[in-house]
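Following: one structure in structure tokens, then a few remarks.
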Amino acid sequence: MDPEFGVNRTSVTEFILLGLVETEQLQSVVFVVFLFAYLVTVGGNLSILAAILVEPKLHTPMYFFLGNLSVLDVGCITVTVPSMLARLLSHKRTIPYGACLTQLFFFHLLAGMDCFLLTVMAYDRFLAICQPLTYNTRMSQTVQKILVAMSWALGFTNALNHTIALNTLNFCGPNAVNHFYCDLPQLFRLSCSSTQLNELLLFVAAAFMAVTPLVLITVSYAHVAAAVLQIRSVEGRKKAFSTCGSHLTVVCLFYGTGIFNYMRLGSEESSDKDKGVGVFNTVINPMLNPLIYSLRNPDVQGALWRVLVGRQSLT
């Protein structure tokens, strides 16, 4: 093999996604479970979004960002699960090369957005608890929109860089991806050209997209914890920790699985663990987020109840 410099001579026109299980009986079980999870996730997140839109009490920066997070959760599971369900129904496991790159682009776009949006939400809690007198000014509607737009721009840039870099690799065969969606680590293993630059790009992007936001979130909550501990009222401390606890839980789930997945590049271990992490990233996390944010939040619970039963807001 002697590829010309700068020319992508990929001979692979499609990939074979091996999926989660091999036996037909288990595939039927997987189809039912994932279809149920998809409907629950979409329904739960859209219910949260509807509650935020119709309930005036929830027209605050914290819930504005939560609404955006719900949109991302719906997008994240929609990028991966419906196509997997379609392959299970048709018993066709192939995915065209272009469709694979498209799936990878949108997955990393939404995952990148998640990183920055979770950071923005931590910054919002920092301002609300540590600097309440200037909160309304420093977290105006204009600032909220700018922060969300920046998150979209950074996520788009990250996804585009990875997609373009991957498109420069040569894939000459084999083309079997031991996963249920297209992602970078699994595709790197199939390339017949060097992936060192791609892995370096992924490492640098991980440092910028994961480590930096995680440090900022940690610093924000360190200040929040110090401020909350100074509150004399036990009820006040409990309320402050309650508003932050849901966000911290989501951060731990999101970053814990993400770091495990992308910090093991070059490992020759079986992809079974990667599949488990992929299920957590694309299915379980988006499904749990509405439950986490509504479980201990009476305002969200009340708004959800009014949306579901069709009653008017009590405010």
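Side notes on the structure shown:
- Here the helices (runs of 4 or more DSSP H) wholly within segment 55-166 that include at least 3 residues being surrounded by 18 or more Cβ atoms within 10 Å (Cβ to Cβ) and not β-branched (Val, Ile, Thr) are 61-90, 97-130.
Rundown of residues vs (1) free of Cβ contacts under 8 Å to residues at least 60 places away in the same chain; (2) in contact with a Lys or Arg (Cβ under 8 Å, 6 or more places away or on another chain), yes/no style:
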site	(1), (2)
Met121	no, no
Leu127	yes, yes
Pro132	yes, no
Asn136	yes, no
Trp152	yes, no
Gly155	yes, no
Ala165	yes, no
Thr168	no, no
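- Taking first residues from segment 201-218 that are more than 18 Å from Thr168 (Cα to Cα) and partners that are of a type in the set (A, V, I, L, M) and open to solvent by 40 Å² or more (accessible area, probe 1.4 Å), the Cβ contacts under 7 Å between residues at least 6 apart in sequence or on separate chains come to Ala210/Ile259.
- Output for segment 18-42, where each listed residue is open to solvent by 50 Å² or more (accessible area, probe 1.4 Å) and more than 19 Å from Asn178 (Cβ to Cβ): Gln25, Ser28, Val29, Val32, Val33, Leu35, Phe36, Leu39, Val40
- Matching entry among Leu110, Leu127, Leu118, Leu154 (being farther than 21 Å from Ser220 by Cα, at pLDDT 90 or above and not basic (Lys, Arg)): Leu110
- Cβ-Cβ under 7 Å pairs, at least 6 apart or on other chains, segment 39-68 side within 12 Å of Pro290 (Cα to Cα), far side among the charged types (D, E, K, R): Thr41/Asp73; Asn45/Asp73
- Gln186 being farther than 18 Å from Val251 by Cβ and open to solvent by less than 60 Å² (accessible area, probe 1.4 Å): yes
- Where Leu197 falls short, out of the listed (1) in contact (Cβ under 8 Å) with a residue 40 or more places away in the chain; (2) exposed (fewer than 15 other Cβ atoms within 10 Å of the Cβ): (1)
- Whichever residue in segment 238-249 is touching a helix residue (DSSP H, G or I) at 6+ places or on another chain (Cβ under 6 Å) and modelled with pLDDT of 75 or more and, among such residues, is nearest to Asp274 (Cα to Cα): Thr249
- Qualifying residue in segment 175-187 (condition: part of a helix (DSSP H, G or I) and either aliphatic (A, V, I, L, M) or modelled with pLDDT of 90 or more (or both)): yes
- Residues located in segment 43-54, provided they are under 21 Å from Asp124 (Cβ atoms) and either open to solvent by 30 Å² or more (accessible area, probe 1.4 Å) or among the aromatic types (Phe, Trp, Tyr) (or both): Leu49, Leu53
- Residues of segment 47-93 that are over 12 Å from the mean Cα position of the chain (by Cα) and among the charged types (D, E, K, R): Glu55, Lys57, Arg87, Lys92, Arg93.
- Test result for Glu22, modelled with pLDDT under 90 and within 30 Å of Leu169 (Cβ to Cβ): yes
- Residue count, segment 170-183 (criterion: open to solvent by less than 20 Å² (accessible area, probe 1.4 Å) and more than 20 Å from the chain's Cα centre (by Cα)): 3
The values are calculated or read from the model by the stated rules, or taken from the named source; none is laboratory data. Here the structure is a predicted model, which means the values were calculated and not measured. Counting neighbours? That spans all protein chains shown, and the Cβs are built from the backbone with ideal geometry, glycine included. Accessible surface is based on the protein model in full, side chains and every heavy atom, while ligands, DNA and RNA are left aside. Shrake-Rupley method; radii C 1.70, N 1.55, O 1.52, S 1.80 Å.
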